Amino acid sequence: MLLFWWWELGDPCAWTGKGRGTLKMSPATTGTFLLTVYTLFSKVHSDRNVYPSAGVLFVHVLEREYFKGEFPPYPKPGEVSNDPITFNTNLMGYPDRPGWLRYIQRTPYSDGVLYGSPTAENVGKPTIIEITAYNRRTFETARHNLIINIMSAEEFPLPYQAEFFIKNMNVEEMLASEVLGDFLGAVKNVWQPERLNAINITSALDRGGRVPLPINDMKEGVYVMVGADVAFSSCLREVENPQNQLRCSQEMEPVITCDKKFRTQFHIDWCKISLVDKTKQVSTYQEVVRGEGILPDGGEYKPPSDSLKSRDYYTDFLVTLAVPSAVALVLFLILAYIMCCRREGVEKRDMQTPDIQLVHHSSIQKSTKELRDMSKNREIAWPLSTLPVFHPVTGEVIPPTHTDNYDSTNMPLMQAQQNLPHQTQIPQQQTTGKWYP
């Protein structure tokens, strides 16, 4: 069942004075939103069809209460469940929605809203929107389709359009039928048109606005565009006079006589109001003149035929694989010759090395071996290099152990220690605790 907004506001027959029901709102307030459609999901498990008009605000509410019955365990009659539910919407066969359609849901515990202004290009073409609901507690999903059949509107577009910026509203608050109805009623009292429609609603965040601080109940702000069939009233044009333009340039509020009709519920930034007169707009279409920078029309693309001649890739194989392999093989052979066939050998190296260098190298090797052997036995006598050079009593120089013509190249680093006449004996500790030389 489709629930249209005018049935929420009152019986249409009551507006014309022909019929039934009681009037809930004045004709001046309700007669202007007949083309703004609000639809709700019904309880019937089938595709939903809605029929918005091109150039007129379309709003569709995704109710959580409806989808609660789609997820097991199914609630019993009278049982209340408050599972968090989120929605995902996309055009069938595509990952996102159409460009003119937006979606908003603040929290998983609030209803989702699809809104936007259908374009004239989609008139007569059904737009199928896939709606997937996710239960964030049980991770169950439910899917339904919304078929949007865009109808052509009379006198579209309306020749006079005004866009207001409301500072104390968020977009989901402004999309509520009661709030939007109150705003359009205030605009109609100021403008006095015969036909007044809401064309579009846009969040200030979509226009580059900043996210407000979570203090003092600050709002994001919302742009509301309305259209009418009569020229702008003098009150709306007051913002264009030089005094108000100067105040706006100084970041001061302009003086608008009709602001009090909005101030009770809506705080309008009059410096950001936009008035568009489509009757005075000159067409900016220019014929495209082909010249430099524009490619000529090449006609339709003609793919190649299926009967293609076979091609021999043997030559390409040789060029791309065999030639680099041959070059790599030659370089490998040259490197192998240098590394293996150009070795001089140990004998040739020793022949070209001076004898003194060989003797020095040999003594180093023997000394290294002796030091390694010494490290295995720590209880041998002290080496001669640790003995004193001078006699500790007389101060005389102790003569060397060997003569000057003695070959010391093969002399071991340590020799058997002997008690020389001028050599001081190493003291030894006695058991009585006294020291004896």
So, restricting to strands (runs of 3 or more DSSP E) that lie completely within the range 81-131, which ones have at least 3 residues that are charged (D, E, K, R), without any contact (Cβ under 8 Å) to a residue 60 or more places away in the chain and crowded, with 16+ Cβ neighbours inside 10 Å? none
From Leu184, Leu213, Leu146, residue being touching a residue at least 24 places away in the same chain (Cβ under 8 Å) and in the same structural domain as Asp259 (by the TED database): Leu184
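Per-residue answers, yes or no, for (1) at pLDDT below 90; (2) closer than 26 Å to Pro98 by Cβ; (3) within 29 Å of the chain's Cα centre (by Cα):
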residue	(1), (2), (3)
Leu146	no, yes, no
Phe156	yes, yes, no
Ala162	no, yes, no
Ile166	no, yes, no
Glu173	no, yes, yes
Leu180	no, yes, no
Trp191	no, no, no
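Going by the conditions given, is Leu321 at pLDDT 85 or above and open to solvent by less than 100 Å² (accessible area, probe 1.4 Å)? Show your work before the answer.
Values: at pLDDT 85 or above: yes; open to solvent by less than 100 Å² (accessible area, probe 1.4 Å): yes.
The answer is yes for Leu321.
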Within the range 132-167, can you find the residues that are buried (at least 20 other Cβ atoms within 10 Å of the Cβ) and not in a strand (DSSP E or B)? Ile150, Leu158
Residues located in the range 279-304, provided they are open to solvent by less than 80 Å² (accessible area, probe 1.4 Å) and either at pLDDT 70 or above or of a type in the set (D, E, K, R) (or both): Gly298, Gly299
Looking only at residues that are among the acidic types (Asp, Glu) and open to solvent by less than 70 Å² (accessible area, probe 1.4 Å) in the range 48-80, which one is modelled with the highest pLDDT? Glu63
Taking the condition under 29 Å from Thr279 (Cβ atoms) and either open to solvent by less than 60 Å² (accessible area, probe 1.4 Å) or in contact (Cβ under 8 Å) with a residue 60 or more places away in the chain (or both), does Ala176 pass? no
Please work out if Gly221 is under 29 Å from the mean Cα position of the chain (by Cα) and modelled with pLDDT of 90 or more. yes
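The values are calculated or read from the model by the stated rules, or taken from the named source; none is laboratory data. Predicted model, so just to flag it, every value in this text is computed and none were measured. Every residue, glycine as well, gets a Cβ built from its backbone with ideal geometry; the counts of neighbours run over all protein chains shown. When the accessible area is computed, the model is the full protein with side chains, heavy atoms only, and any ligands, DNA or RNA have been set aside. Shrake-Rupley method; radii C 1.70, N 1.55, O 1.52, S 1.80 Å.
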